[in-house]
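Here's the structure, in structure tokens; my notes come after.
Nothing in this text is a laboratory measurement; each read-out follows from the coordinates by a stated rule. Worth saying up front: this structure is predicted, and the values here are computed from it rather than measured. Cβ placement follows ideal geometry from the backbone for every residue including glycine, while neighbour counts extend to all protein chains displayed.
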């Protein structure tokens, strides 16, 4: 079967996504009970902050590294040098980020009062940042990533259950995460050596700086997307005075993120597959196959909005079902903008165009929200419209680049 590697990796990626749902469902209810509100607030805030740090720490290396492995996969020495360059670049980046964390902690009371926990949490983030996942993606073997996550995260959860018993045990939560991170890191490098005969070969400083420059544009695209999404949250905090509407929006965003997380295994599996095969007709076939599923899923999302709100938030949140329906078009548009993104434009080598589309639509999003805010029209309905319209614009801009590229390629072929 021509695309067997894609379907195999898709299976493993959905297994990984399932584990990412299951482990938090086991751990979070336990921590909320044993830590109490004060210690859990520290845990939750630092976790959120470290999510931003991890996005920066990745610096696009997963995407650029995957592309590099695909190009050099038949030369284990070159791949080993690539692994060394990216690992060293990540260590330099983490050295800078530890200073960022310390400065941020100085200004944020909840972090300055719990600095030991913050730094232990940063160690956990650093261990995850050093994982050589791009090697497995480049060789299109995702199975070890799922197995590793099961073992490392399972260890973290088990240690938390065994040793975290009171609010005073907050530091043990971070230590359990570090233990799981160490196991995951060792597991990954041993599997990399066993499966691909690839190890770490540290190159020159010039090669490391070259990898930083190469990955920078990938980083700009990913970080820009996160920052622009966060701006919507800022505007809601400034413009919406009704706390119930803010709560409804937050829970709606949780459901949207949960659905979009189901798209990630497809894009994560398709990106390296397109780099290896360049069969873009396959991506088009997937897009057509997904359309009826997306349409039915979006309708079901609206139809079941009240039961979903009731299940997640209780009777007080049922009124928020209206917001779920208003924002529902984002489920359709975001899938195709993600599909056309890294798996197609990125794999074709048009990273600059991909980043331009992200930054362009992000700036339009900010300008629109600012206009609404300054004219006192930033109500929840308008913000829902802007949310999905931004994804529609992102899809349109990326589709424009695809048509433009195809037109130029047809012109060259003639």
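Details
- Rel. contact order, % - alpha carbon contacts under 8 angstrom, at least six apart, the stretch 4-203: 35
- Choice from 114, 365, 268 with maximal GNM fluctuation in the chain (Cα, 10 Å cutoff): 114
- Estimated FRET transfer efficiency when R0 is 56 angstrom, pair residue 33-residue 407 (beta carbons, to 0.05): 0.40
- Nearest-0.05 FRET efficiency for residue 171 and residue 367, computed from C-beta distance (R0 60 Å): 0.85
- Taking every C-alpha pair closer than 8 Å and separated by at least 6 residues, the mean separation divided by the residue count of the stretch 111-193 gives a relative contact order of 44 percent.
- When both the stretch 347-414 and the stretch 60-110 are represented by their alpha-carbon centers, they are found 28 Å apart.
- Correct option for Rg and Dmax of the Cα atoms in Å [calculated from the coordinates] among [x] 22.0, 72; [y] 29.9, 100; [z] 21.5, 68: [x]
- Taken along the Cα-to-beta-carbon direction at a fixed 7 Å, the label points for residue 201 and residue 213 span 2.2 nm.
- Residue of 181, 362, 349 that the Gaussian network model of the chain assigns the largest fluctuation, springs spanning Cα pairs under 10 Å: 349
- Highest GNM mean-square fluctuation among 344, 327, 135, for the chain modelled with Cα contacts below 10 Å: 327.
- Gain on full extension, evaluated as 0.36 nm per residue between residue 74 and residue 325 minus their Cα-Cα distance, stands at 85.4 nm.
- Cα pair count fraction exceeding 25 Å, expressed as % - the stretch 216-413: 41
- For residue 92 and residue 356, a Förster radius of 41 Å and the Cβ-Cβ distance give a FRET efficiency of 0.90, rounded to the nearest 0.05.
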